Amino acid sequence: MSIYQLKPRFQALLRPGVRRLAQAGVTANQVTMAACVVSVALGLWLFWAAPTRAAFALVPLWMLVRMAFNAVDGMLAREHGQQSALGAFLNELTDVVSDAALYLPFAAVMPFSGFWVGMVIVLAGLSEFAGALGPTVGASRRYDGPMGKSDRAFVFGALGLYVALGWPLPAAAAWLMPLLALAVGWTVMRRVRAALIERTAP
């Protein structure tokens, strides 16, 4: 079970607004790039500027808005004739860049290890790569969990809220990033396996 499976209901709520955006001339690629620019700006600001812990409240808020942006760009592309080769590349690449930027600030939060936050970032990129490779072997684009993009957004959003509230993180929280890395690694393997099974299915 993955949060991604709730996407159709979320899209239904957004559909009226998407129609208005399309009528106003907003394109899917514009929405995709806007989400990436804000994600990178927020992530780098939190990491380099080292603001107060309360600033981490922006992470869950932006994760929710970004989820809407991701749904909107896809709906504009599919439902309003805006699909393009460039859009396909932007959709995959900007997600990986945005995730990396938004996870990066947690490397500066004790007791997390920069190494393990980096591992989560690398494996998250690999999980999206594994999912996107499905069509190259005759399968569909894979979104298998347990730690896909939407699930990671929930985890890091919740973690950002926890940090923003100023609650202390126990020393045992250092295990959270290795466990996340393990879950994302499992996700990579599940996506590869599911694509291979789908490819050979009659």
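A few notes on this one:
- Rg to Rh quotient for segment 135-186, alpha carbon positions, Kirkwood Rh: 1.14
- Degrees, to the nearest 10: 114-132 long Cα axis against longest axis of the chain: 10
- Under the simplified labelling scheme, the Leu13-Leu196 pair shows an inter-label distance of 3.9 nm, with each label point 7 Å from Cα along Cα→Cβ.
- Debye log10 I(q)/I(0) at q = 0.15, 0.16, 0.23 Å⁻¹ for segment 80-160, Cα point scatterers: -0.61, -0.67, -1.14
- Rounded to 0.05, the FRET efficiency of the Glu92 and Leu169 pair, given R0 = 25 Å and the Cβ-Cβ distance, is 0.15.
- A dipole drawn for the chain from +1 and -1 charges on Cβ atoms has a positive end, and of Gly131, Ser98, Gln83 the residue lying farthest that way is Gln83.
- In Å, descending, principal axis extents of the Cα set of the chain: 48, 44, 27
- Within the accessible area of segment 76-142, the carbon and sulfur atoms contribute 72%, probe 1.4 Å, all protein chains present.
- Between 0 and 90°, nearest 10: helix 149-164 axis offset from the chain longest Cα axis: 30
- Cα centroid of segment 114-137 to Cα centroid of segment 11-72, whole Å: 21
The values are calculated or read from the model by the stated rules, or taken from the named source; none is laboratory data. Please read all numbers here as calculations on a predicted model, not as lab measurements. Neighbour counts are summed over all protein chains in view; Cβ atoms, including those assigned to glycine, are modelled from backbone coordinates with ideal geometry. These accessible areas exclude ligands, DNA and RNA; they are computed on the full protein's heavy atoms, side chains included. Shrake-Rupley method; radii C 1.70, N 1.55, O 1.52, S 1.80 Å.
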